[in-house]
Amino acid sequence: MGVTLAVSGRQTHGYRVYVALRRRICAFEVPPGTALAGGDIAAEFNVSHIPVREAFAALAQDGFIEHVPGRGYSVRGLGLQAMRMDFEMIYFAAKLASDAVIRAGGARDAAPWLDMEAIEALGPQAAPDAYVAEMEGFYRLMLEEISNPAFTHVVACAIDRTHVMRHVDFAGRRDMASHCRERRVFVDTLRAGDGRGAHALIDAAFARRVEDLDRLLTRVARLHGLAVEAV
């Protein structure tokens, strides 16, 4: 984040507010389009307006909220283009992480995200929220391969923003099984040291996700009574 919310390893009031609001937004407790009242938030967290402004600035920079001149801050809406950019960032990170694994030897079992057992153990009977949690853990471990904290923070934000999309996607149990097979092929390809093959699999997965975005966003909007922005 460009806005500094932590000092010498100590969490500031602004960071505490940032984390709490970010979690609520990603859990849809504060739905897209909701206006954020700084005074109410300051009172809830028993802080002054300064930490709230710091949290708002960081959330806006990270793409969770947006500032409308004359109206203040509101939670970012559901938009096809914005969501596509988030998925594009995640898949680009997967390419970079794949390259790092290949450079390190390809079959490096020490990389925790190459371990598919936790995901596969869930099986087709898993609840969507459990499966989503495992998949997001897969992504976050993947990010550790990329030694660029600023970039990995941006990607982590994209993962959080697309959380609801994964949950809706995996609500169909056949989607879980399909994604599990897809990840297994991907991991086996990396272990074989086939960087080009891994990139091709990532590109194919991204293309499928983009094709599904309209359908998934429509389902999310219907579930939460929201409108979807065309651009």
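Structure notes:
- Computed log10 I(q)/I(0) for the range 6-96 at 0.21 Å⁻¹: -1.05, from the Debye equation with unit scatterers placed on every C-alpha and solvent omitted.
- Portion, in percent, of the accessible area of the range 21-126 that falls on carbon or sulfur, probe 1.4 Å: 53
- Probing with 1.4 Å while keeping every protein chain in the model, the per residue accessible area of the chain equals 51 Å².
- Taking a quarter of the surface of the Cα convex hull of the range 60-109 gives a mean projected area of 5.0 nm².
- Accessible area per residue (1.4 Å probe, heavy atoms of protein chains only) ranks SER74, SER147 as SER147, SER74, with the largest value leading.
- FRET efficiency estimate (nearest 0.05) - Cβ-Cβ, LEU122 to GLN61, R0 25 angstrom: 0.10
- P(r) of the range 44-159 over all Cα-Cα pairs, binned every 5 Å from zero, in whole percent: 2, 9, 15, 16, 16, 14, 12, 8, 5, 2, 1, 0
- Axial C-alpha extent at least 24 Å, average Kyte-Doolittle at least -1.0 - helices from the chain (DSSP): 80-103, 195-224
- When ARG166, ARG76 are compared by accessible surface with a 1.4 Å probe, the order from highest to lowest is ARG76, ARG166.
- Heavy-atom accessible area ranking, 1.4 Å probe, most first, across MET89, MET83: MET89, MET83
- The convex hull around the C-alpha trace of the chain, projected and averaged over every direction, spans 13.6 square nanometres.
- Under 15 Å from the ALA227 label point (7 Å along Cα→beta-carbon), backbone N, the range 61-95: 75-80
- Whole-percent pair-distance distribution, where bins are 5 Å wide, for the alpha carbons of the range 132-231: 2, 11, 17, 23, 22, 15, 7, 3, 1, 0
The values are calculated or read from the model by the stated rules, or taken from the named source; none is laboratory data. Just so we're clear, the structure is a prediction, and the values are computed from it rather than from any experiment. As a convention, Cβ positions derive from the backbone with ideal geometry for all residues, glycine included, and neighbour counts pool all protein chains shown. Keep in mind that these areas ignore ligands, DNA and RNA; they rest on the heavy atoms of the full protein, side chains included. Shrake-Rupley method; radii C 1.70, N 1.55, O 1.52, S 1.80 Å.
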